[in-house]
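This report refers to the structure that appears directly beneath it.
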Amino acid sequence: MNKRLIDAAMGRIPADLVLKNGVIADVFTGRFIPCDVLVKDGYICGLGQYDCDNSIDVSGKFILPGLIDAHLHIESSMVTPPQYARTVVPHGVTTIIADPHEITNVCGEAGLEFMKKSAEGLPLDIKYMLPSCVPAAPFEHSGAVLTAEDTRRMADDYFGIGEMMNYPGIISGDSEVLGKLAEGKMLDGHAPGLAGQKLDAYINAGIKTDHECSEIFEMLEKIGKGMYIALREGTLSKDFRRLIYGVNSYTFRRCMLCTDDRSVAEILKDGTIDYIVKSAVQLGVEPIMAISMGSVCAAACYGLNDRGAVAPGYLADLLIIDTPHDFNIEAVFKRGVKVAENGKALFDVPACDASAVTNTVHLPRLTAEFFRHEPPEEFTAISLVPDSIITRKTTARRGDRLSKVCVIERHHGTGSKGFGYVTNYGIKNGAIASSVGHDSHNITVIGDNDADMAAAVNALGQSGGICVVSGGEVRSLLELEIAGLMTERGAEYVSATHEELMIAARALGVTESVDPFLSLAFLPLPVIPEIRVTDSGLFDVEAFSFI
C-alpha cells in the first residue's frame, strides 16, 4: 500500500503529472477509454478527470502501457546495455527479460557482472535471467562453464533461470541439468519441435515458456499444456507472421512477443516490440489484443504485477502514440518521466568499465594450410533455410558448389577445429570471419578459398568482431572489443558499419535470402535442428551426436 498514491488520487496532495485528454488502452476489458492519467511517485494513481500543475495535453492521442520484450540477448544487438537502452526505449520498450548467456559463455561470471553493472541507472528495467546452459551442450568448448552448484550459488541474484536448451538432458533426467533448475524461480524454456511425451517431461521440470515455436500446431500444443509462448521476430528467426494466425480470444493470454536476437541496425530501421504490435494489427489482430501481448501478457507470465497496464497502482511506464494502426510513438515515459520523444532518447549513458571482458580471442596467426581439408567423395552437408536459424541435412558430392566453413576454438588456445560444407550461402572469391558464434562464440569462418579464410580470421586480432576479406584484403571490419560480441560505440556507428559489411558480403555473391552474418553466427549452435558444425566437427542435432 502506498498512502501517497491514495492521497494524490483524492487530491489531498499534489500529483506529479497528468496526461490530459488522451485515450487509454484498457488491456483488462479490451476497450479504448477517453480519460486523463494521473501520476505520482512514478506510479499511476488515477484515471478520470484531473488537474495538476504539470499537465501535458495529449488530445486525440492514445496512451499505452510500456512494452515488454519477453526474451532477448542484448549481446546480439552488438551494443552494450546502455547503448541498447538508448536504442529501444524510443521504440516504447520499458522492460526486457534478458538472458546474458552469450557473454557468459565467453567470460563467465566476469561477463555477468559487466552486464549487471552497465545496466544500473538506465530508464529501462532489465530483468536478467541466470544462464542455464554455459556451455549450450556438455561437449561444447566455451570460455566458461556454469555448473549446477554455480547456479544454486548465484540464483538469488537473478530474476530467474535462462532458457534451458539442453532438452535431452531434461528428458533423460540428467541430475546436473536438473540441478540448474532452481526451485521458486521463473524457468525459461527452449524446445524447438518438442512434442508429445517428451514435451510433457520437459514441462514437468517446471519450465513455463518457449520462444522456439515455428509452426501453429506446435504453439497450440504447448499453450494447451500450460506454457506461455513468445512469438519471435528477430533478425534471422521470423516466426511471428506464421504464429499470429494461431492467436485467438483464448490463446492470446498465453502469448507474448520477443525479439530474441535482433541487430541494432534492424531496431533502428524497423523497431522492436513496437514493430511486432503494429504488424499484428495490420494483419487483422484486434489492437487491444496485440497491445496486450506486447505488455500485460508478458507481465503476467513473469509475475511483474506492477506493470503492463494503464491502471491505478501500476508503474507509469507509458507510451503516447498517434493510432494503434500506424503506431508512431510520440513520447515514452518511464516511471512518469519523459525519456524519449519522436524517436530520440532524452537521456545520456555513462561509459562502462569493460577491462575484464576485452582481449578475449586467443589464437596464433593462421595460414592457409590451417584450413586445408578435403571432404570424401560423398558426404553430409548443411543446407541453410531462408529466414530461419533451422538447417537441413543434405547429401553432397565433392565438386558441388559449396561454401567451406570452419569453427576454431578461441578461448583456451587448444587448436581444436571442425569443418563443414554449406549449401545456399554462395560466397565467391573471399571469406567472412566472426567471433559471434552461438553460443560458445568460437571463431567461425566461411569462404571459398583457404588463403582468404586465414586472412579473415587474422584480421579479427585479439578483440574479435566481423570481417569480410577478398583477395587477401580486408573489405570491411566491425571490431567488437567487448567479449568479441559488443562494442561501446553507439547504435548508429554499428548500424552504418554493419551496412558496409553487408555491401561487402553481397559483393562476394552471398545469397540474397541469407543473412551473411547471422546465418554464420548460428551454424555452430548444436541445440537447433537439424545439423550444425562446432570446433569438434559436424553435429546431428536430432541424434544428438557427431557425424
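The values are calculated or read from the model by the stated rules, or taken from the named source; none is laboratory data. This is a predicted model, so every value here is computed, not measured. Please note: Cβ atoms are built from the backbone with ideal geometry, for glycine as well, and neighbour counts cover all protein chains shown. In case anyone asks, the SASA skips ligands and DNA or RNA and just uses the protein heavy atoms, side chains included. Shrake-Rupley method; radii C 1.70, N 1.55, O 1.52, S 1.80 Å.
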Inset, instruction - Name the single residue, out of those in the stretch 344-395 being under 19 Å from Lys117 (Cβ atoms) and in a helix (DSSP H, G or I), that is least open to solvent (accessible area, probe 1.4 Å). - result: Val357
Inset, instruction - Looking at (1) at positive phi; (2) modelled with pLDDT of 95 or more; (3) not aromatic (Phe, Trp, Tyr), find the lone condition where Ser59 falls short. - result: (1)
Inset, instruction - Check the stretch 73-82 and report whether any residue there is under 29 Å from Phe32 (Cα atoms), touching a residue at least 24 places away in the same chain (Cβ under 8 Å) and not in a strand (DSSP E or B). - result: no
Inset, instruction - Would you mention how many residues in the stretch 514-547 are among the small types (Gly, Ala, Ser) and touching an Asp or Glu at 6+ places or on another chain (Cβ under 7 Å)? - result: 0
Legend entry - Yes/no for Ile427 being of a type in the set (A, V, I, L, M, F, W, C), touching a residue at least 12 places away in the same chain (Cβ under 8 Å) and part of a loop (DSSP other than H, G, I, E, B): yes
Inset, instruction - Having 1 or more residues that are open to solvent by 10 Å² or more (accessible area, probe 1.4 Å), polar (S, T, N, Q) and more than 14 Å from Leu64 (Cβ to Cβ) is the bar; report the helices (runs of 4 or more DSSP H) wholly within the stretch 261-305 that clear it. - result: 273-282
Inset, instruction - Working only within the stretch 41-55, note down all residues that are touching a residue at least 40 places away in the same chain (Cβ under 8 Å) and part of a strand (DSSP E or B). - result: Tyr43, Ile44, Cys45, Gly46, Leu47
Inset, instruction - Inspect all residues belonging to the stretch 439-451 and state whether any of them is part of a loop (DSSP other than H, G, I, E, B), within 16 Å of Ser519 (Cβ to Cβ) and touching a helix residue (DSSP H, G or I) at 6+ places or on another chain (Cβ under 7 Å). - result: yes
Legend entry - Which numbered condition Lys404 misses (of (1) assigned to a strand (DSSP E or B); (2) of a type in the set (D, E, K, R); (3) surrounded by fewer than 17 Cβ atoms within 10 Å (Cβ to Cβ)): (3)
Legend entry - Of residues in the stretch 452-466 being outside any strand (DSSP E or B) and more than 19 Å from Ala368 (Cβ to Cβ), the one least open to solvent (accessible area, probe 1.4 Å): Gly464
Legend entry - Test for Arg410: is it under 27 Å from His190 (Cβ atoms) and either in contact with a strand residue (DSSP E or B) (Cβ under 6 Å, 6 or more places away or on another chain) or of a type in the set (Gly, Ala, Ser) (or both): yes
Inset, instruction - List every residue pair whose Cβ atoms sit under 9 Å apart, with the two residues 6 or more apart in sequence or on different chains, where the first one lies in the stretch 334-348 and is more than 22 Å from Ala15 (Cα to Cα) and the second, anywhere, is assigned to a strand (DSSP E or B) and hydroxyl-bearing (Ser, Thr, Tyr). - result: none
Legend entry - Checking Val18 against (1) open to solvent by less than 10 Å² (accessible area, probe 1.4 Å); (2) within 34 Å of the chain's Cα centre (by Cα), the condition it does not meet: (2)
Inset, instruction - Please find, within the stretch 226-260, the residue that is farthest from Ser495 (Cα to Cα) out of those that are among the basic types (Lys, Arg) and in a strand (DSSP E or B). - result: Arg232
Inset, instruction - Check Arg262, Arg254 and return the single one that is of a type in the set (Lys, Arg) and at pLDDT 95 or above. - result: Arg254
Inset, instruction - Would you check if there is a residue in the stretch 18-37 being of a type in the set (A, V, I, L, M, F, W, C), in contact with a Ser or Thr (Cβ under 6 Å, 6 or more places away or on another chain) and assigned to a loop (DSSP other than H, G, I, E, B)? - result: yes
